1. Hey, fewest Cβ within 10 Å first, where do 185, 100, 357 land in order?
2. So how strong a dipole does the range 34-176 carry about its Cα centre when Lys and Arg Cβ are +1 and Asp and Glu Cβ are -1, to the nearest 20 debye?
3. Please state the Cα pair-distance histogram of the chain with 10 angstrom bins from zero: what percent is in each bin?
4. Just going by the charge dipole of the chain, with Lys and Arg at +1 and Asp and Glu at -1 on Cβ, which of 105, 256, 367 is farthest out on the positive end?
5. Ratio to report: Rg/Rh of the range 237-384, with Cα atoms as the point set and Rh obtained by the Kirkwood method; give two decimals.
6. Please identify every one of the trypsin sites (Lys or Arg not before Pro) in the range 80-165 that sits in a loop by DSSP and has no more than 14 other beta carbons within 10 Å of its own beta carbon.
7. For the residues 305, 183, 434, what sequence is obtained by ranking on other C-beta atoms within 10 Å, fewest first?
8. Can you list residues from other chains, or at least 5 along the same chain, whose modelled amide H is less than 5 Å from the amide H of residue 38?
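No lab work stands behind these numbers, since they all come straight from the coordinates. Keep in mind that what you see is a predicted model, and the values were worked out from it rather than measured. No Cβ is skipped: glycine too gets one built from the backbone with ideal geometry, and neighbour counts run over all protein chains shown.
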Amino acid sequence: MAVFSIIKKSELEGAKRLDAEYYQPEYLDITSKLKNARAIKTLASDIRYGLYVEPDYLDEGINFIRAMNTTNFWVDGEVLKISNKKVPSDYFLHAGDCLIVRSGANTGLVSVIYPRLEGSTFGSYTIRIRFDKVNPFFASVFLNTRYGFLQTLRSQTGAAQPNLNIPNIKEIKIPVISEHQQKDIEKRCIEIERARIQSEILYSQAENLLLEELGLKDFTEEQSLYTAVNFSELKESCRMDAEYFQLKYRKIYSLIRENKGITLGEIATLKKGFEPGSEAYQEDGKLFIRVSSVSKDGITEKDQKYLKNDLYQKLKKNYQPKVGEILLTKDASPGIAYAVKESIEGVISGGVLRVKINEDVESEYLTLCINSKIGQSQVERDAGGSIIKHWKPEQVKSMLIPILPKPTQQEIAKLVRKSHEARKKAKELLEEAKRAVETLIERQQ
């Protein structure tokens, strides 16, 4: 059945848009419900694109927040650092600043800057909004609600590569509510951040305990221009490149062996996912879990694709992950592991492996080993490909895993589980804050 909207000529002129997509009924419905609202351009003191910086990232310096770090509401993932000499004074972030992804897979996602990230800067694929006429935490939560996100989605331009620009962002409307109500939303945001910090502390404790037990807690990379290698090692590894035999890899490998290290293939079975082709992708349906969907914290919503139910029914027997299994990426961003905790109605792509443990090893412990320096050093050493990295299944099976005493494994696994619980709590608190804002809007109608 055809879907259409009837638009006045004056509305066409005001928006300066003639494309039918801009006037979809769901967009018009949102704008009709935002009666008491003001455009962002009247609520912000500064709106600007981020910095373009050459990728010479450092171990120490200024936090450089990229589009990939900007998720739904908070900054996530590995934040790289750059020299503070590259950052003009008006590009430092303040608490309450809002970042919107302007291009790429995360287009339209919004994060707020909490005090601990003050003094960071932001990349060219993001846009910073500095609110001064509205509580910035309330504004950021609103932009994450359906009322905010649909406006952001409506503002995008470009077919193949969606893009947001500052003139369009300036026209997005935010409802006017009382200062007391805005303050209540800010208090909820503080609780969200507390849960997030608790999650990070617990995960760090688990990782530190693991590294301490292996003698890697204070491990420093020794710099050397050469490494002496036996011919038998070349033969065994089928590699002759100098990078593979760097001293840091050899030292970490040796420490793992000393702690009853055995290969992943000895303690688990691995099964690769399936590629139905991009023509099978849908905007809703059953989850199709690709490499970009997997993080150490779970299945993300970033650029998520779906499959039809009938295709899912055909594939689920062999490709649907089960509780207790580990999802492990092998392509593009190899070495990301997540232990499945809840039933998932979906199937994995060819770039993801299902890892089923067949020995008495704690799944959360094994997952942490892979995500830590122990696993990542081996992935870094093994994965090939100049543009897109590939970690071959036989290399995955050869990954060496230290087997610590069972009580130590359980202690580490317990900390990881508590970390995930705190992170889940943060997500639940965010959803509650979003619902609270949506309820306030609906009561104004």
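1. If I rank by nearby Cβ atoms, fewest first, I get 357, 185, 100.
2. 740
3. Here the calculated profile for the chain is 4, 18, 26, 26, 17, 7, 2, 0.
4. 105
5. 1.01
6. 133
7. Final ranking by Cβ density, sparse to dense: 183, 305, 434.
8. The answer is 174, 176.
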